[in-house]
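Right, one structure below, let's go through it.
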Amino acid sequence: MADKKWGKGKDKIDDEDITFQRMVAKMQEVAGERGGYLHGRGALDSDDLLYLKEQMEAEEDAERLLRRTEKRAFAAFKISFH
């Protein structure tokens with residue numbers, strides 16, 4: 001049972017890492033389009049990385065809020081049938 005929990009946690013971390021890498025790739029693409037002294041290098045500065053992390057945290061917060069809302073709605077639905 002503990003292995004299953006560990007596996008789910010590891011999958012979640014892997015999914016988050018993949019999502020982060022995709023966001024980084026998109027930001028590098030945008031940075032390349034903007035030009036600048038790092039143009040062509042695909043480099044991100046610390047502000048870009050901070051922005052990406054904040055975006056990921058905001059998405060996670062929204063997902064948690066959605067799950068809580070769904071749980072409450074389901075609980076209210078179950079109560080209405082008893």
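The values are calculated or read from the model by the stated rules, or taken from the named source; none is laboratory data. Keep in mind the model is a prediction, meaning the values are calculated, not measured. Quick reminder, even Gly has a Cβ in these numbers, built from the backbone with ideal geometry, and neighbours come from all protein chains shown.
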>> Which pairs turn up if I take residues in segment 50-75 that are of a type in the set (A, V, I, L, M, F, W, C) and look for partners that are surrounded by 10 or more Cβ atoms within 10 Å (Cβ to Cβ) and part of a helix (DSSP H, G or I) with beta carbon separation below 8 Å, at least 6 apart in sequence or on another chain?
In response: LEU52/PHE20; LEU52/MET23; LEU52/VAL24; LEU52/MET27; MET56/GLU16; MET56/THR19; MET56/PHE20; MET56/MET23
>> Condition first: out of contact with any helix residue (DSSP H, G or I) (no Cβ under 6 Å at 6 or more places or on another chain), modelled with pLDDT under 85, outside any helix (DSSP H, G or I) and surrounded by fewer than 11 Cβ atoms within 10 Å (Cβ to Cβ). Can you find one or more residues in segment 5-17 that meet it?
In response: no
> What tally of residues in segment 44-82 results from selecting those that are over 19 Å from the mean Cα position of the chain (by Cα) and part of a loop (DSSP other than H, G, I, E, B)?
Replying inline: 3
> Is there a residue being in contact with a Leu (Cβ under 8 Å, 6 or more places away or on another chain), modelled with pLDDT under 85 and not hydroxyl-bearing (Ser, Thr, Tyr) anywhere in segment 47-57?
Replying inline: no
